[in-house]
Each structure stands twice: as C-alpha cells, then as structure tokens.
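Taking it in order: structure first as structure tokens, then the write-up.
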Amino acid sequence: MAIRRILTDDDPALHKKCHYITKFDEKLWALLDDLKETLADASGAGLAAPQVGIVRRAVIVVTDDGEMLELINPEVIDQEGEQDGLEGCLSIPGMWGYVKRPMRVRVKAQDRNGQWFEVEGEEIMARCFCHEIEHLDGHMYTEHTDQLYTSDEIEEMQAKEERRSRRRRRR
C-alpha cells in the first residue's frame, strides 16, 4: 500500500470520463488499498480514482460507521428529497461551497471481486456518494455552487449565525 498524491482541480485527469473496470485482479486491489490509505491520510470523506490520476471508475466512501466502502463502477439508481449544504473536496483544498444534493441515494456498484451489490445513504453519505460518483464523469462540485468560501470565511459565517441564534434565544 502507498499514499498517493491527490491531484488538484487544474489537472486534466480530473476532468475526464473514467473507464469502466473489467479486470478484478491484484492491480485493482492495490489501487483500492492505496485509495483507502490516501483517504485516511487526508482525513477525507471520500476519494475517487481520478483524484490520484487513475482514470477508472473506482471510489472509496467513508460510511456513517466509519468504515471505508469500496465502490467499483458505481451508479446512482434511485434518489429522493433534497438537501443544501457545505461541500469541499480534497482536490480543491481549503475551499467550500453550498451544493444541493439528494437527501437519500441508492447506489449499485461492484465490490473488489466483481460482485454486484446495492447500498443506500442519507444526508452526508448521500452527498458523498453523489460527489465521488460525479468525479468519475469528470465533474467537480464547483459546477453546482455559485460561490466558493475559504475555511476562514466559513468559520466567520458560522460564528455570526451562532451569535444570532444566542440573541434569539435571549428574547
């Protein structure tokens, strides 16, 4: 296993449509293990193969239980509701934007041995599924937001909201 370099938004690999995976072998398993190690090192919620320069349809998503879920050739097969929330990306470090996503998502994917399965996620997991699967088609979350914010700007906005909330409670 190895920690791989995470590409930034200006790299062309992040803007390509990824190829479907057809060989479920040691090379794929090594990629999945590297993606997990890289994601753990970066403390992210998900990581797609193109983010490390591999234009293949593989992603890792951290589940609500903290486990790392491998998704090969994933596709969203059902979605419900809507949520609007902050989203960031390891390939756009230190920046955040508000993005509308489904509240619940059902995904069909293959495991590292090629077996098909389905998994469902709500709220943060639904957001993460959508975000990572979009990477496989060459898209970034910045295509869905009107404005990007720095971490400092987000902290300032949250502090202002907390002060407003305290004032309302005192009334």
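Please determine, by comparing only the residues of the range 1-28 that are surrounded by fewer than 13 Cβ atoms within 10 Å (Cβ to Cβ) and not charged (D, E, K, R), which one is farthest from Ile124 (Cα to Cα).
Applying the first criterion (surrounded by fewer than 13 Cβ atoms within 10 Å (Cβ to Cβ)) to the range 1-28 yields 1-2, 5, 10, 12, 17, 20, 22-23, 25-27.
In the following step, the residues that additionally are not charged (D, E, K, R) were identified as 1-2, 12, 20, 22.
Working: Met1: 28, Ala2: 27, Pro12: 28, Tyr20: 26, Thr22: 29 Å.
Selected residue: Thr22.
Go through the range 129-171 and report how many residues are closer than 30 Å to Ile77 by Cβ and aromatic (Phe, Trp, Tyr). Show your work before the answer.
The first filter runs over the range 129-171 and keeps only residues closer than 30 Å to Ile77 by Cβ, leaving 129-146.
Right, trim to aromatic (Phe, Trp, Tyr) and you get 129, 141.
Summing the residues that are closer than 30 Å to Ile77 by Cβ and aromatic (Phe, Trp, Tyr) in the range 129-171 gives 2.
Please find, within the range 84-94, the residue that is farthest from the chain's Cα centre (by Cα) out of those that are hydrophobic (A, V, I, L, M, F, W, C) and at pLDDT 95 or above.
Here is the first cut: in the range 84-94, the ones hydrophobic (A, V, I, L, M, F, W, C) are 86, 89-90, 92.
If we keep only those that are at pLDDT 95 or above too, we end up with 89-90, 92.
On the way: Cys89: 7, Leu90: 9, Ile92: 12 Å.
Within the range 84-94, the match that is farthest from the chain's Cα centre (by Cα) is Ile92.
Considering only the range 64-83, state which residues are at pLDDT 95 or above, open to solvent by 20 Å² or more (accessible area, probe 1.4 Å) and touching a strand residue (DSSP E or B) at 6+ places or on another chain (Cβ under 8 Å).
Those that are at pLDDT 95 or above, open to solvent by 20 Å² or more (accessible area, probe 1.4 Å) and touching a strand residue (DSSP E or B) at 6+ places or on another chain (Cβ under 8 Å): Met68, Leu69, Glu70, Glu75, Val76, Ile77, Asp78, Gln79, Glu80, Gly81, Glu82, Gln83.
Could you identify the single residue in Val107, Val99 that is more than 30 Å from Ser151 (Cα to Cα), among the β-branched types (Val, Ile, Thr) and crowded, with 16+ Cβ neighbours inside 10 Å? Please lay out each step first, then the result.
Details: Val99 fails: more than 30 Å from Ser151 (Cα to Cα).
After applying the criteria, what remains is Val107.
Which residue, of Lys23, Lys27, is free of Cβ contacts under 8 Å to residues at least 12 places away in the same chain, charged (D, E, K, R) and under 23 Å from Val107 (Cα atoms)?
Numbers: Lys27 fails: under 23 Å from Val107 (Cα atoms).
Of Lys23, Lys27, the one residue that is free of Cβ contacts under 8 Å to residues at least 12 places away in the same chain, charged (D, E, K, R) and under 23 Å from Val107 (Cα atoms) is Lys23.
Taking the range 29-52, which residues are within 18 Å of His19 (Cβ to Cβ) and exposed (fewer than 14 other Cβ atoms within 10 Å of the Cβ)?
Taking the range 29-52 as the starting set, the residues that turn out to be within 18 Å of His19 (Cβ to Cβ) are 29-32, 34-35, 47-52.
Hits for the range 29-52 are Trp29, Ala30.
Of the residues Leu47, Leu7, Leu69, which single one is touching a Ser or Thr at 6+ places or on another chain (Cβ under 8 Å), in contact (Cβ under 8 Å) with a residue 24 or more places away in the chain and part of a loop (DSSP other than H, G, I, E, B)?
Details: Leu47 fails: part of a loop (DSSP other than H, G, I, E, B); Leu69 fails: part of a loop (DSSP other than H, G, I, E, B).
Leu7 is the lone residue from the list that is touching a Ser or Thr at 6+ places or on another chain (Cβ under 8 Å), in contact (Cβ under 8 Å) with a residue 24 or more places away in the chain and part of a loop (DSSP other than H, G, I, E, B).
The values are calculated or read from the model by the stated rules, or taken from the named source; none is laboratory data. Because the structure is a prediction, the values reported are computed rather than measured. When we count neighbours, we look across all protein chains shown, and the Cβ atoms used for this are built from the backbone with ideal geometry, even at glycine. Note: accessible area is taken over every heavy atom of the protein model, side chains too, but ligands, DNA and RNA are not part of it. Shrake-Rupley method; radii C 1.70, N 1.55, O 1.52, S 1.80 Å.
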